[in-house]
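Scroll down for the structure; my scribbles are underneath it.
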Amino acid sequence: GESALSQCLETQFDLLFIDYNLGSGKNGRQLLEELRLKNCLAVDAIYMIVSGESTRPMVLGAVEAEPDEYLIKPFSQGLLKARIHRVYKRKQAMKDALTALKEEKYAEAIELILAVQKEQPRYRQYCAQLLANIYIKQQQYTDAKHLLNLEVTKKRVLWALIALATIEHLNEQYDSALELC
């Protein structure tokens, strides 16, 4: 993990293919979090976590860090190629919006995300997640809750429930936050 971090501080990679278990020190999730904190990832870089561990707590823990993809070993070359291709297409479609988001140009990011969501409906849920995160960051909790409640009525997705719980926690509605969790 430390070696990967020092390399990423020197070079921005297009594809990071990281095992969750990196031995002693950081794991793949912690590495991703630190790379984001130190602004070492280009907006169109692909970060994939790989693991031989497939227990629910392990997978949810890794996915919580929001890598671009999570693969459980063993996997085929075909599956790897398909996942990289899928993430690459999404990153390219979202590149302008992700750049605006990284530069904290939230109004521009929202506009670009809404345009992608309209033009490419297959990214609807990813766009909704980005929008909810922006609204929460901007403390526009009413807008975030409206968007998240729409998502939850379509399908009870974990990320939306966690975001709703986060809003309740930020509003000091602790009982409601615990219920959502």
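Below is a table of values for the structure above.
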quantity: Residues of region 76-101 with amide N under 13 Å of a point placed 7 Å along Cα→Cβ from V43; calculated: 91-101
quantity: Loop-located chymotrypsin sites (Phe, Trp or Tyr not before Pro) in region 1-108 whose Cβ has at most 16 other Cβ within 10 Å (DSSP); calculated: F13, F75
quantity: For the chain: relative contact order, % (alpha-carbon pairs under 8 angstrom, 6 or more apart); calculated: 12 percent
quantity: Separation of alpha-carbon centers, region 106-181 and region 20-95, rounded to whole Å; calculated: 22 Å
quantity: Candidates L131, L60, L112, ranked by Gaussian network fluctuation over the chain, Cα under 10 Å, top entry; calculated: L60
quantity: Region 31-101 shape via C-alpha gyration tensor axes, a/c threshold 1.5; calculated: oblate
quantity: Lysine pairs with alpha-carbon atoms under 17 Å apart, the chain, spacing 8 or more or separate chains; calculated: 15
quantity: Gain on full stretching of the segment that runs from T55 to E10 - 0.36 nm per residue minus C-alpha separation; calculated: 12.7 nm
quantity: DSSP-loop GluC sites (Glu not before Pro) across region 76-181, with at most 16 other Cβ within 10 angstrom; calculated: E103, E104, E172
quantity: From the C-alpha gyration tensor of the chain, square roots of 5λ in Å; calculated: 27, 20, 17
quantity: The chain: most fluctuating residue of K145, K118, K155 per GNM, C-alpha cutoff 10 Å; calculated: K155
quantity: Gain upon complete extension [L71, R122; 0.36 nm per residue less C-alpha separation]; calculated: 16.3 nm
quantity: Calculated FRET value between H85 and R156, using beta carbons and R₀ = 25 Å, to 0.05; calculated: 0.30
quantity: Residues listed by number, region 122-136, amide nitrogen under 20 Å from E33 label point at 7 Å toward C-beta; calculated: 133-134
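Readers should treat all values here as calculations from the given coordinates under stated rules, not as data from a laboratory. A quick note: this is a predicted structure, and the numbers were derived from the prediction, not measured. As a convention, Cβ positions derive from the backbone with ideal geometry for all residues, glycine included, and neighbour counts pool all protein chains shown.
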